[in-house]
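One structure is given here, and the rest of the page talks about it.
The values are calculated or read from the model by the stated rules, or taken from the named source; none is laboratory data. Please read these numbers as outputs of a predicted model, since none were measured by experiment. Quick reminder, even Gly has a Cβ in these numbers, built from the backbone with ideal geometry, and neighbours come from all protein chains shown.
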Amino acid sequence: MRLEELVNKHYDKLNHSDLYIWKYIFNHKKDCCNLTIDELANRCNVSRTTILRFAQKLSLKGYSKLKIYLKWESEDKEFNEKDYLKVVCNDITKFINDMQEKDFSSVCNLMYNAKRIFVYGTGAVQSSVAAELKRIFLSGQECIYNIQGEAEADMILNTISDEDLIFLISLTGESEHVKRLAKQFKLRNVPIISITKLKNNTLARLSDENLYINTSMHELGGGKTYESTTLFFTLAEMIFLKYSMYKNELEKEDKN
């Protein structure tokens, strides 16, 4: 689990000082790898105890464990800058390996017990992922309702209930429309599964379950940049496969 994911998971425990520490670390990861706890405390104008408590709030045993995470992520960044093709391929391989090991039981349980499942993607890529999720599940004779466009998403608010489930797919998790929708679904006690880029974001904090992908931004030369979002589609297939396995296990238990 990366630091961004830990911050999202434990966000409610963090106070103003913790968030300031995180902002500094996030913007200076490479430098922070080599800082002692006292040096980081001085940079953030807090006590060494506050730094230690911040690490512990993220479920880390201490500052040394926090530095290990920073070193891993700093090394990843250095690698990214050297060869973006290798990075994209490496990200895909690592993501698939991580998803194989990840426990999807909470996500699958929400899906299994939902009366209806909806999916909504903000933006062109996310809308395509939503359509792909619907297509994949149809091949397994499972129906997912794909909400298309902001107007249709607003209309769903009048019919969706706490017996349903919605997937919200957003790159950043910070668009005003998706945040407003998530808050409205939350008021109606509708379970939400968010799919976003791995970073601290509002949508993830409003959701019951969070699924993340890593996106890599690369300089291609000539002022051109490329951000890989392939893992959104890989995740859609992983959700289908994990859910199919989950249902098969339940059916075996029922027979026994």
Practice task
Output yes when any residue across the stretch 60-72 is of a type in the set (A, V, I, L, M, F, W, C), surrounded by fewer than 18 Cβ atoms within 10 Å (Cβ to Cβ), assigned to a helix (DSSP H, G or I) and at pLDDT 90 or above, and no when none is.
Solution key: no
Problem - Residue list for the stretch 167-193, restricted to those being touching a residue at least 40 places away in the same chain (Cβ under 8 Å) and surrounded by fewer than 15 Cβ atoms within 10 Å (Cβ to Cβ) - result: His177
Handout entry: Entirely in the stretch 198-256, the strands (runs of 3 or more DSSP E) that have 1 or more residues that are of a type in the set (A, V, I, L, M) and at pLDDT 95 or above
Key = 209-213
Problem - Residue among Asn113, Asn109, Asn146 that is loosely packed, with under 12 Cβ neighbours inside 10 Å, of a type outside the set (Lys, Arg), closer than 26 Å to Leu187 by Cα and in the same structural domain as Lys242 (by TED's automatic domain parsing) - result: Asn113
Handout entry: Of residues in the stretch 150-166 being modelled with pLDDT under 95 and in a loop (DSSP other than H, G, I, E, B), the one surrounded by the fewest Cβ atoms within 10 Å (Cβ to Cβ)
Key = Asn158
Exercise for the section: Say whether the condition of being in contact (Cβ under 8 Å) with a residue 60 or more places away in the chain, closer than 23 Å to Gly173 by Cα and part of a helix (DSSP H, G or I) is met by at least one residue in the stretch 130-147. Expected result: yes
Fill in the blank from the handout: Counting only residues that are at pLDDT below 95 and among the charged types (D, E, K, R), the stretch 113-149 contains a total of 1
Exercise for the section: Considering only the stretch 1-40, give the helices (runs of 4 or more DSSP H) lying wholly within it that have at least 2 residues that are in contact with a Cys (Cβ under 6 Å, 6 or more places away or on another chain) and surrounded by 14 or more Cβ atoms within 10 Å (Cβ to Cβ). Expected result: 16-27
